[in-house]
Amino acid sequence: METGLQLVRTRAALSALAKGWHDLGRTIALVPTMGALHEGHLALVHLARERAAHVVVSIFVNPTQFGPGEDLQSYPRDLQGDVDKLRAAGVDAVYAPPVEEIYPAGFATTVHVEGPATAGLEDAFRPGHFDGVATVVAKLFAQSACDIAVFGQKDYQQLQVIRRMSADLDLPVHVIGAPTIRETDGLAMSSRNAYLSPQERKTAPALHRALQAAASAIRAGRSPQRACAEAIKGLKMTGFATDYLQARQAASLAPLTADYQGPIRLLAAARLGRTRLIDNIAV
Ligand code: PAF
């Protein structure tokens, strides 16, 4: 009988837990994370608890999704604090494997993703990032034997990449996207917000405001290209350097075409000092 939270470090221990639950006919939800948990992650946990009998949260700062010069070494880590938050949130197990458990000696296989992964958004600035994400997520799905998995819409391109991968590889996991949780001033919650100086933190919500203004302009009939160009100009005046701010087809992330009638997503990445923020909204 399982009570309280179990901290699991190995695949073998995780598989044993999952088998025990499945033998009892119970479903498992996985919430994959890299730790440094905030309210946004806890919202994913709450959704997972609503959808499955048992919830596993993985905490693994995945080296293969960081490029050279990115923040792998400095990425915030607080396993004890994370476990405390997850215990309070009613999680059954935390899977926090060491790197060798995910990438043992001789590891030689990578999931290579295209489609939404090569849309020219995050992928244009973080080469190889989505192959690293897809590889670790495929492994976490297999290791946890989860029935459902919950990802935040804040990483919208990642969510579409994982949906595509799951469908293409016939992975028996139902992928759920959870709405972005925001600070009261609109800034999307992110572990990387911790990098912002107090002054940058005050400026940061301008990214969300710029997306909202562009979305209203498009709804009012402005061309998406023009609305995005205006948003980028406005962000520049507030001190952001924008990597991209674009309107795309919501599912495939392909560029909008003249005959496209479906839902539109606005996606942006912009740098404030040394911090790179991403955000997105539906139009
Ligand atoms: O979104 C994240 O935190 C990571 O990309 C994920 C999905 C946990 C894979 O490492």
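Extension gain, A88 to Q6, is 28.3 nm, computed as 0.36 nm per intervening residue step minus the present C-alpha separation. Computed over the alpha-carbon atoms, the chain gives an Rg to Rh ratio of 0.97, Rh here being the Kirkwood radius from the mean inverse distance.
Phi angles across the range 70-75 convert, under the Karplus curve 6.51 cos²θ - 1.76 cosθ + 1.60 with θ = phi - 60°, into 3J(HN,Hα) values of 7, 8, 4, 5, 8, 4 Hz, Gly and Pro given as x. Note on the chain: with charges restricted to the Cβ of Lys and Arg (+1) and Asp and Glu (-1), its dipole about the Cα centre is near 780 debye.
A Gaussian network model of the chain, with springs between Cα atoms under 10 Å, assigns the largest mean-square fluctuation among Y260, Y195, Y95 to Y260. Our coupling estimate for the range 77-86, obtained by passing each phi through the Karplus curve with A = 6.51, B = -1.76, C = 1.60 and θ = phi - 60°, is 10, 7, 4, 5, x, 5, 4, 4, 5, 6 Hz, Gly and Pro reported as x. Between T184, T242, T110, the GNM of the chain built on Cα springs shorter than 10 angstrom shows T184 fluctuating the most. For the range 1-123, the convex hull drawn through the C-alpha positions has a volume of 151 cubic angstrom per residue. Computed over the alpha carbons of the range 74-119, Rg followed by Dmax gives 16.0, 39 Å.
Computed extension length for A13-S197: 62.2 nm, one decimal, from 0.36 nm per residue of separation with the Cα-Cα distance subtracted. Distance from the Cα centre of the range 47-62 to that of the range 80-158, in angstrom? Rounded to whole Å, the Cα centres lie 12 Å apart.
Of the residues C146, C228, the one with the fewest other Cβ atoms within 10 Å heads the list, and the complete ranking is C228, C146. The residue list Y103, G67, A124 was ranked by how far each Cα lies along the charge dipole of the chain toward its positive end, using unit charges on Cβ atoms, and A124 comes out on top.
Take the range 99-157, compute every pairwise Cα distance, and split them into 10 Å bins from 0; I just need the percent in each bin. Pairs per bin, as whole percents: 19, 47, 31, 3.
Give the Rg/Rh ratio for the range 113-243, taking Rg as the radius of gyration of the Cα atoms and Rh as the Kirkwood radius, to two decimals. For the range 113-243, the value is 1.02.
Quick note: the coordinates plus some simple rules give every number you see, no bench work behind them. Quantities reported herein were computed from a predicted structural model and do not represent experimental measurements. Cβ coordinates were reconstructed from backbone atoms using ideal geometry, including for glycine residues, and neighbour counts include every protein chain displayed.
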